[in-house]
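Rule-based calculations on the coordinates, nothing more; no lab input. Source: prediction; values computed, not measured. All Cβ positions, even for glycine, are placed from backbone atoms using ideal geometry, and neighbour counts span all protein chains on display.
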Amino acid sequence: MKELNTAITRAVQSEKSLKNREINNTYVFSVNKDANKKDIKDAIEKYFNVKVEDVNTVITRGKFRRVGKYTGKLPNIKKAYVKLKEGQRISALEV
């Protein structure tokens with residue numbers, strides 16, 4: 001993936017991600033499925049002006065949902081767990 005502006009889709013705001021942010025200084029982002037760890041690291045460092053220590057990625061499989069007799073599937077989502085270096089914070093995402 002060449003373009004850094006398409007690597008990150010959005011920040012994930014959930015109880016688990018907020019707890020992870022406070023304890024481990026790790027932020028969770030929903031990212032493009034084609035983005036690799038280096039692209040994600042470069043995009044975070046460029047747009048938020050912070051230093052990234054580590055990036056872990058996981059693909060969560062979409063759940064099957066049913067409404068009456070009709071069934072459907074939610075899309076798969078790739079998430080990135082971005083650990084920042086000591087003392088670094090993303091002020092735009094603070095609650």
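Listing for the model above:
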{"quantity": "Criterion violated by Val31 - all others in (1) of a type outside the set (Gly, Ala, Ser); (2) touching a strand residue (DSSP E or B) at 6+ places or on another chain (Cβ under 6 Å); (3) touching a residue at least 40 places away in the same chain (Cβ under 8 Å); (4) surrounded by fewer than 17 Cβ atoms within 10 Å (Cβ to Cβ) satisfied", "calculated": "(4)"}
{"quantity": "The stretch 22-37, residues that are of a type in the set (S, T, N, Q) and under 14 Å from the mean Cα position of the chain (by Cα)", "calculated": "Asn25, Thr26, Ser30, Asn32, Asn36"}
{"quantity": "Those residues of the stretch 51-64 which are under 12 Å from Lys85 (Cα atoms) and under 10 Å from the mean Cα position of the chain (by Cα), in sequence order", "calculated": "Val55"}
{"quantity": "Some residue of the stretch 38-50 being farther than 15 Å from Lys85 by Cα, within 11 Å of the chain's Cα centre (by Cα) and in a helix (DSSP H, G or I)", "calculated": "yes"}
{"quantity": "Checklist (1) closer than 19 Å to Lys85 by Cβ; (2) under 12 Å from the mean Cα position of the chain (by Cα) applied to Val12, failing item", "calculated": "(1)"}
{"quantity": "Residues located in the stretch 64-93, provided they are in a loop (DSSP other than H, G, I, E, B) and either loosely packed, with under 10 Cβ neighbours inside 10 Å or touching an Asp or Glu at 6+ places or on another chain (Cβ under 9 Å) (or both)", "calculated": "Gly68, Lys69, Pro75, Lys85, Glu86, Gly87, Gln88"}
{"quantity": "Condition met for Ser14 (surrounded by fewer than 10 Cβ atoms within 10 Å (Cβ to Cβ) and either of a type in the set (Phe, Trp, Tyr) or in contact with a strand residue (DSSP E or B) (Cβ under 9 Å, 6 or more places away or on another chain) (or both))", "calculated": "yes"}
{"quantity": "Residue in the stretch 52-63 that is surrounded by the fewest Cβ atoms within 10 Å (Cβ to Cβ), counting only those that are under 18 Å from Val28 (Cβ atoms) and not β-branched (Val, Ile, Thr)", "calculated": "Arg61"}
